[in-house]
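The values are calculated or read from the model by the stated rules, or taken from the named source; none is laboratory data. In this text, all values refer to a predicted model and were calculated from it rather than measured experimentally. Cβ placement follows ideal geometry from the backbone for every residue including glycine, while neighbour counts extend to all protein chains displayed.
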Amino acid sequence: MRPTRCPAGSSGGGGARRWRARRHFGADPRARFFKRFAFAAMTVVVLALVGIVTLTWNVATSAGAGAWAAPISLIVAFATAAIAVRFAGSMRRTASPLRAVMEAADRVADGDYGVRVQEHGPPPLRALAHSFNTMTARLQQADRLRRDLMADVAHELRTPLSVLQGRLEGLVDGVYPRDDEQIEQLLEETRVLSRLVDDLRTVALSDAGVLTLHLESSDIAALVQDAVRSLQADATRQSVALTWRTSAKDATMDVDPLRIREVLTNLLTNALRHTAAGQAITVVVRDASDGIAIDVTDTGEGMPPEAVARIFDRFYKGPRSRGAGLGLAIAKAIVAAHGGGMTASSQVGTGTTVSLTLPRTRGD
């Protein structure tokens with residue numbers, strides 16, 4: 001059995017050739033190991049065969065059955081040889097999948113995460129092969145996500161950097177006047193870059209499981225009220241009715257108020273962006289099992305099912321989105337760090353509801 005490669009896509013280097021790790025000169029260490037193991041096993045079998053035949057001959061001779069010593073020894077020799085052949089076959093069936101896993105592990109070490117091994121042989125080796133395939137599949141997915149992330153980051157950084165470069169070149173060439181308006185536009189692009197870097201840092205901390213939360217007893221209803229008030233002027237300017245209400249009996253719980261406020265602001269900003277004049281946004285705080293739930297509902301344009309399925313994906317942006325596509329992914333990561341979860345439902349032409357749940361007790 002030899003390792004196979006997962007067909008589509010997927011090892012770490014696309015179509016580019018990889019530098020393979022430098023091997024030691026001389027014979028393959030695995031081949032030497034298996035040859036030595038086979039030689040040792042054969043030596044043991046031969047010695048056992050000789051010992052059994054000798055013992056049988058001596059016993060038969062001592063018992064006064066010297067005439068039967070040779071036939072009995074021959075029968076014992078054949079029986080022992082048959083057992084040895086069966087043992088050798090069993091060892092070969094064991095060694096073959098083990099060697100395949102070892103070869104595949106070398107390929108993974110060289111960066112080929114698309115390699116897979118066949119899952120057969122004794123049960124322990126089948127379990128080993130299954131675990132190996134699961135590991136390489138996860139490595140393959142992680143490598144793909146890393147590459148996608150790098151491509152997305154490069155794309156998001158390119159836009160503000162291009163704007164900065166173009167305006168600075170225009171200032172140098174005299175195309176743009178060197179006034180406060182031009183400087184303010186340049187500063188705004190640097191703010192865009194700064195926000196993107198902060199968002200990427202939050203994503204990295206969340207992925208590493210080290211997103212720091214400063215927990216304190218907070219009134220969730222009060223946090224919602226503050227978030228609504230901070231965006232009330234924008235809603236009025238857009239002729240959107242922004243309201244909130246609570247039915248929770250006790251909305252006080254231990255959370256990071258700044259992080260939760262960040263989540264609420266993001267949800268309300270997204271809702272305002274996709275809600276037309278004359279429509280409404282409603283925020284509801286309610287009791288949930290072992291916690292508090294917050295529903296942000298708008299009567300805006302809504303989304304098709306394929307967009308809803310990707311709404312929390314990193315760098316996913318709708319047609320009218322102006323950000324980097326990290327806001328909802330970060331919001332979900334913050335809620336998850338609190339031990340909660342987020343869901344979304346939407347219907348085109350009717351509106352969207354994004355819900356988050358915060359538990360009173362957090363699992364470690």
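If you go through segment 273-291 and keep only what is under 28 Å from Ala251 (Cβ atoms) and either under 28 Å from the mean Cα position of the chain (by Cα) or surrounded by fewer than 19 Cβ atoms within 10 Å (Cβ to Cβ) (or both), you end up with Arg273, Gln279, Ala280, Thr282, Val284, Arg286, Asp287, Ala288, Ser289, Asp290, Gly291. Applying a threshold of 6 Å to beta carbon distances and a minimum spacing of six or more residues, or different chains, the list of pairs starting in segment 215-226 at a residue that is of a type in the set (Ser, Thr, Tyr) and ending at one that is buried (at least 16 other Cβ atoms within 10 Å of the Cβ) reads Ser218/Val255; Ser218/Pro257. For the criterion of being touching a residue at least 40 places away in the same chain (Cβ under 8 Å), part of a helix (DSSP H, G or I), more than 24 Å from Ala336 (Cβ to Cβ) and in contact with a strand residue (DSSP E or B) (Cβ under 7 Å, 6 or more places away or on another chain), Ala271 fails.
Mind checking whether some residue in segment 228-242 is surrounded by 20 or more Cβ atoms within 10 Å (Cβ to Cβ), in a helix (DSSP H, G or I) and either of a type in the set (Asp, Glu) or under 31 Å from the mean Cα position of the chain (by Cα) (or both)? Within segment 228-242 (the criterion being surrounded by 20 or more Cβ atoms within 10 Å (Cβ to Cβ), in a helix (DSSP H, G or I) and either of a type in the set (Asp, Glu) or under 31 Å from the mean Cα position of the chain (by Cα) (or both)), the answer is no, since none of the residues qualifies.
Residues in segment 130-179 that are among the small types (Gly, Ala, Ser) and either in a helix (DSSP H, G or I) or at pLDDT below 80 (or both): Ser131, Ala137, Ala142, Ala151, Ala154, Ser162, Gly166, Gly170. Taking the conditions exactly as written (modelled with pLDDT under 90 and outside the structural domain of Ala154 (by TED's automatic domain parsing)), does Ala293 satisfy them or not? When the stated conditions are applied, Ala293 does not pass them.
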